[in-house]
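The values are calculated or read from the model by the stated rules, or taken from the named source; none is laboratory data. If you're wondering where the values come from, they're calculated on a predicted model, not measured in any experiment. Counting neighbours? That spans all protein chains shown, and the Cβs are built from the backbone with ideal geometry, glycine included.
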Amino acid sequence: MTPRAGARRGSGPRRRDDQRDWPVKHTTSYGGVVVRPGHEGFEVALVRPRSDDPTKEAIWALPKGMKEEGEDPETAACREVLEETGLEAEIIGEIEAITYWYAWAPERVRYRKTVRFFLMRHAGGEPNADGYEIAEVRFVPLAGAADQASYPSERKVLTQAAEIANQLES
């Protein structure tokens with residue numbers, strides 16, 4: 001059977017509130033993969049964002065956020081790490097950026113978000129969640145961190161960070 005001209009693949013009639021019809025906004029965030037030497041290799045800082053829904057499974061992610069006016073990407077990434085985790089960090093290098101989509105129902109907008117991550121060396125401070133956006137911060141072994149991360153795109157970032165960190169150790 002040949003599809004009708006103009007038919008959308010895998011779709012029936014569109015609902016009036018179909019998110020695919022919502023306008024698209026593009027946004028960029030900046031974040032850090034903060035590593036430190038541990039007992040069995042490098043450890044990395046992961047954050048658990050605060051949730052008002054106790055039935056939701058805990059999410060583990062990397063610290064990230066928006067750039068403030070006048071900031072360069074590196075400064076924004078370091079500031080976001082400090083604000084969310086209480087950790088001071090120095091940039092070692094940039095990691096490949098990730099891009100994903102999400103919908104924000106209150107605004108009826110779809111976002112195409114890019115996050116530029118930097119590999120960072122822990123330079124001071126202790127894990128301390130901001131209490132506003134972040135409920136918990138913890139260091140976990142970098143070798144297994146990708147298995148603990150909730151988002152597939154961030155798992156790739158953690159895998160890349162582990163490869164770079166292993167080269168630094170050599």
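For the reader, a short list of remarks on this structure follows.
- Within the range 49-67, the set of residues being small (Gly, Ala, Ser) and either surrounded by fewer than 10 Cβ atoms within 10 Å (Cβ to Cβ) or more than 18 Å from LEU87 (Cβ to Cβ) (or both) comprises SER51, ALA58.
- Residues that are over 16 Å from the mean Cα position of the chain (by Cα), at pLDDT 80 or above and not small (Gly, Ala, Ser), drawn from the range 27-59: ARG36, PRO37, HIS39, GLU40, PHE42, GLU43, LYS56, GLU57
- Looking across the range 114-141, the residues that are of a type in the set (D, E, K, R) and part of a loop (DSSP other than H, G, I, E, B) come down to GLU126, ASP130, GLU133.
- Selected residue (criterion: modelled with the lowest pLDDT) from residues of the range 112-152 that are farther than 16 Å from VAL44 by Cβ and hydroxyl-bearing (Ser, Thr, Tyr): TYR132
- Residue in the range 39-46 that is of a type in the set (A, V, I, L, M, F, W, C), closer than 16 Å to ALA123 by Cβ, surrounded by 14 or more Cβ atoms within 10 Å (Cβ to Cβ) and out of contact with any Ser or Thr (no Cβ under 9 Å at 6 or more places or on another chain) present: yes
- Exactly one residue out of VAL81, VAL33 is closer than 18 Å to PRO152 by Cβ and of a type outside the set (Asp, Glu): that is VAL33.
For every residue, the table says whether it meets (1) surrounded by 14 or more Cβ atoms within 10 Å (Cβ to Cβ); (2) of a type in the set (Val, Ile, Thr); (3) assigned to a strand (DSSP E or B).
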{"position": "GLY93", "(1), (2), (3)": "no, no, yes"}
{"position": "THR99", "(1), (2), (3)": "no, yes, yes"}
{"position": "ALA103", "(1), (2), (3)": "no, no, yes"}
{"position": "ARG112", "(1), (2), (3)": "no, no, yes"}
{"position": "ALA143", "(1), (2), (3)": "yes, no, no"}
{"position": "ARG155", "(1), (2), (3)": "yes, no, no"}
